[in-house]
1. Per-residue ellipticity at 222 nm for the chain, helices alone: DSSP H runs ≥ 4 residues times -39500 (n - 2.57), over residue total, nearest 500 deg cm²/dmol?
2. Which of the GluC sites (Glu not before Pro) across the range 1-109 are loop residues per DSSP, with 11 or fewer other Cβ within 10 Å?
3. Can you tally the net charge around ASN113? Count Lys and Arg as +1, Asp and Glu as -1, for every other residue whose Cβ sits under 10 Å from the Cβ of ASN113.
4. If each of ALA108 and TYR62 carries a label point 7 Å out from its Cα toward its Cβ, how far apart are those two points in nm?
5. Expected output is a single nm value to one decimal: the length gained when fully extending between ILE98 and LEU124, i.e. 0.36 nm times separation in residues minus the C-alpha distance. What is it?
6. Apply 1/(1 + (r/R0)^6) to the Cβ-Cβ distance of ILE7 and THR70, taking R0 = 30 Å, and write down the FRET efficiency to the nearest 0.05.
7. Return the inverse of the average 1/r over all pairs of distinct C-alpha atoms in the range 69-131, which is the Kirkwood hydrodynamic radius, in Å to one decimal.
8. Could you give P(r) for the chain, binned at 10 Å from zero, as whole percent values over all Cα-Cα pairs?
Amino acid sequence: MPSPVTIDRLDHIVLTVADIDAACAFYGRVLGMEKIVFGSPARVALGFGQQKINLHPIVNDYDTKAIKPTPGSADFCLITDVPVDDVIKHLIACEVEIIEGPIAKSGAMGPLNSVYFRDPDGNLLEVSNYV
């Protein structure tokens, strides 16, 4: 029986980080994300497009969180209109180590051209263009 629930898109994900300021600096400098402060007590997220990445410090009192929050456990793909070759040039200029790429991969909507690198916590990031 099909589910009566259908999902349209991701709204946000949560990353557990060792240092929120370092994460904000990295994602702002390397990927142009905007630091957003929200809620009470104040919490921090990274905004981009119509999505955001909420940042949780490794030690926190939030009621709803993953069972085993761990910095460096995420692996996710971000889509950009900037050609991957230009992304690679920018990563090199930012002194970000490239793990792999450019390389052909498969995304949710078809073939991708991707580059892989890590954030300060060791999360694996893939930045891609649809081919």
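1. So the helix-based figure for the chain works out to -5000 deg cm²/dmol.
2. Hits after loop and neighbour filter: GLU95, GLU97.
3. Residues near ASN113 contribute 0 overall.
4. Computed distance between label sites ALA108 and TYR62 equals 2.0 nm.
5. Going from the current span to full extension adds 8.3 nm.
6. Working from the Cβ atoms, E equals 0.75.
7. Roughly 11.9 Å, rounded to one decimal.
8. 11, 39, 34, 14, 2, 0
Here, each number is a calculation from the coordinates, and none is a lab measurement. What you are looking at is a predicted structure, and each value in this text was computed from that prediction instead of being measured. Virtual Cβ from ideal backbone geometry, glycine too; neighbours counted across all protein chains shown.
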